[in-house]
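Colleague: Once you've had a glance at the structure underneath, I'll fire off some questions.
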Amino acid sequence: MSKYAAKIINYSRFGWGSGIENMLYFCLMSFWRVLLSIIFPPLAVVDKGCGSFIIVCILTIFGWVPGVIAALIIMNNPNR
């Protein structure tokens, strides 16, 4: 089971709507996170921890493309 499916099950248990509404919410949120990582990479990984935020900030200062790549990799890491 994917991490998004587990979140959908957990949220639907608390009565946050149907499973379809939750799935649409998480799809929309992931779309906005990817868009945010393209526009301003450090802001997209701010909830992933201080180390990830600092690494992405440094890479973004050195160049926009390395910052975007690092943000997308950190966001798609299933262990976080």
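The values are calculated or read from the model by the stated rules, or taken from the named source; none is laboratory data. Please read all numbers here as calculations on a predicted model, not as lab measurements. Heads up, the Cβs are rebuilt from the backbone with ideal geometry, glycines too, and the neighbour counts pull from every protein chain shown. Heavy atoms of the whole protein, side chains included, go into the accessibility calculation; ligands, DNA and RNA do not. Shrake-Rupley method; radii C 1.70, N 1.55, O 1.52, S 1.80 Å.
Colleague: Using a 1.4 angstrom probe on the protein heavy atoms only, line up Cys50, Cys57 by accessible area, largest first.
Modeller: Cys50, Cys57
Colleague: Let me ask something else. If I take R0 = 22 Å and measure r between the Cβ atoms of Ile61 and Trp32 in this structure, what FRET efficiency does the formula 1/(1 + (r/R0)^6) give, to the nearest 0.05?
Modeller: 0.40
Colleague: Using 7 Å Cα-to-Cβ label points, what is the Ile39/Ile73 separation (nm, one decimal)?
Modeller: Label-label distance for Ile39 and Ile73, simple model: 2.5 nm.
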